[in-house]
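Here is the structure we will look at.
The values are calculated or read from the model by the stated rules, or taken from the named source; none is laboratory data. A quick note: this is a predicted structure, and the numbers were derived from the prediction, not measured. A quick note on method: Cβ atoms are made from the backbone with ideal geometry, for glycine too, and the neighbour counts reach across all protein chains shown. Please note that ligands, DNA and RNA were not included when accessible areas were found on the heavy atoms of the full protein model with its side chains. Shrake-Rupley method; radii C 1.70, N 1.55, O 1.52, S 1.80 Å.
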Amino acid sequence: MKEVSFIRQNIEKWRQTEDVVEEIASVSPDALADAYVETTSDLAFAQSHYPQSRITAYLNNLASALHNELYRSRREQWSRIVTFWKYEVPAAMRQERRALLVSFLIFAVSTLIGVVSQLGDADFCRLILGDHYVDMTLDNIAKGNPMGVYGSDSESNLFLHITLNNVWVSFYAFALGILTTFGTGWALFGNGVMLGSFQTFFFQQGLGLESMLAVWLHGTLEISAIIVVGAAGVVLGNGWLFPGTMTRLESFRQGARRALKIVVGTVPIFVVAAFIEGFFTRHTEWPDALRLGIILASLAFVIFYYIYLPNKKDYGKTKDSLV
């Protein structure tokens, strides 16, 4: 092909590519990648047939510009992931720290109700946990393996099942906020009563310490994440209930955006909790000091990430623009 024909055939496409470079902020990554592939293909053809031509130099410059923008975009995408968990989630938690307190209080009170109810009626746990689970646990206790439920399946299967279940439960509790704060409050209440009756049941069987070391090995992260998700649901519900000076719809939208950040931020925590439950909790033969160390390390992370970091002096002021 003659050079002039090559130019006439592609000149309009190259002009559009120049527009892509100039308006890079509004161009999708896929469109940028397509433009880069097309330009480098034309450059390879020009280098083979017109190595000394000005059009080859032009295409080389255009391809270089696309290359720089493409890889800068990739770096920004990775940076955005780090920024999300490092700044945006803690900043959202700072703004919604009252909702976190409300969620914690609801869960704490409901857990206490579960404890008192189980103390008052030894069969209360059957109402909450079901006869099958209670009978299976009593059978495991009789066999000398009270935490046998955690070893009832392979590590990988249990990990996958628990991960999917935890993420589903978290998003369900969050979504109930659409029914106003009372929807999420009801989900928190149910989980709290279940925890209270479950732990009290083991204390009544003389296995309180063992159950605490086993359950809270993964439960420190899991229960904390449930409370955080509850806070997100409270934020979502409050958007409907308390719009302030905004329209109810706009208040809901803003609350939903912050709440969704909080919920997404808990997903890795639920995954880690499921990993611990699937692979670690079953090992009741491990030294108590080791299991207690994991519990304390998990608790330290929760306090640091959800309490200390969001309330760190000037943290919100310097990062509020990210929320």
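Quick rundown of the values:
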quantity	calculated
Single match in 137, 83 (criterion: farther than 30 Å from residue 303 by Cα, among the hydroxyl-bearing types (Ser, Thr, Tyr) and either within 24 Å of the chain's Cα centre (by Cα) or surrounded by 16 or more Cβ atoms within 10 Å (Cβ to Cβ) (or both))	137
Every residue from the stretch 168-190 that is in contact with a Gly (Cβ under 6 Å, 6 or more places away or on another chain) and of a type in the set (Ser, Thr, Tyr)	180, 181, 184
Meets criteria (modelled with pLDDT under 85, in a helix (DSSP H, G or I) and more than 15 Å from residue 89 (Cα to Cα)) for residue 251	yes
Selection count, the stretch 226-242, where residues are without any contact (Cβ under 8 Å) to a residue 24 or more places away in the chain and more than 13 Å from residue 181 (Cα to Cα)	0
Of all residues in the stretch 152-178 being aliphatic (A, V, I, L, M) and surrounded by fewer than 15 Cβ atoms within 10 Å (Cβ to Cβ), the one that is nearest to residue 280 (Cα to Cα)	160
Residue count, the stretch 254-286 (criterion: touching a residue at least 24 places away in the same chain (Cβ under 8 Å), of a type in the set (S, T, N, Q) and either in contact with a Lys or Arg (Cβ under 7 Å, 6 or more places away or on another chain) or open to solvent by 10 Å² or more (accessible area, probe 1.4 Å) (or both))	1
Candidate set from the stretch 50-68 (those that are farther than 17 Å from residue 1 by Cβ and among the aliphatic types (A, V, I, L, M)); member that is surrounded by the fewest Cβ atoms within 10 Å (Cβ to Cβ)	57
Test: residue in the stretch 119-129 that is free of Cβ contacts under 8 Å to residues at least 60 places away in the same chain, loosely packed, with under 14 Cβ neighbours inside 10 Å and within 30 Å of residue 259 (Cα to Cα)	no
Long-range neighbours under 7 Å by Cβ, at least six apart or interchain, first residue surrounded by fewer than 22 Cβ atoms within 10 Å (Cβ to Cβ) within the stretch 186-207, second not in a helix (DSSP H, G or I)	204/122; 207/146
Residue under evaluation residue 239, criteria (1) surrounded by 16 or more Cβ atoms within 10 Å (Cβ to Cβ); (2) under 30 Å from residue 280 (Cβ atoms), criterion not met	(2)
Only listed residue being modelled with pLDDT of 85 or more and in contact with a helix residue (DSSP H, G or I) (Cβ under 6 Å, 6 or more places away or on another chain), chosen from 24, 106	106
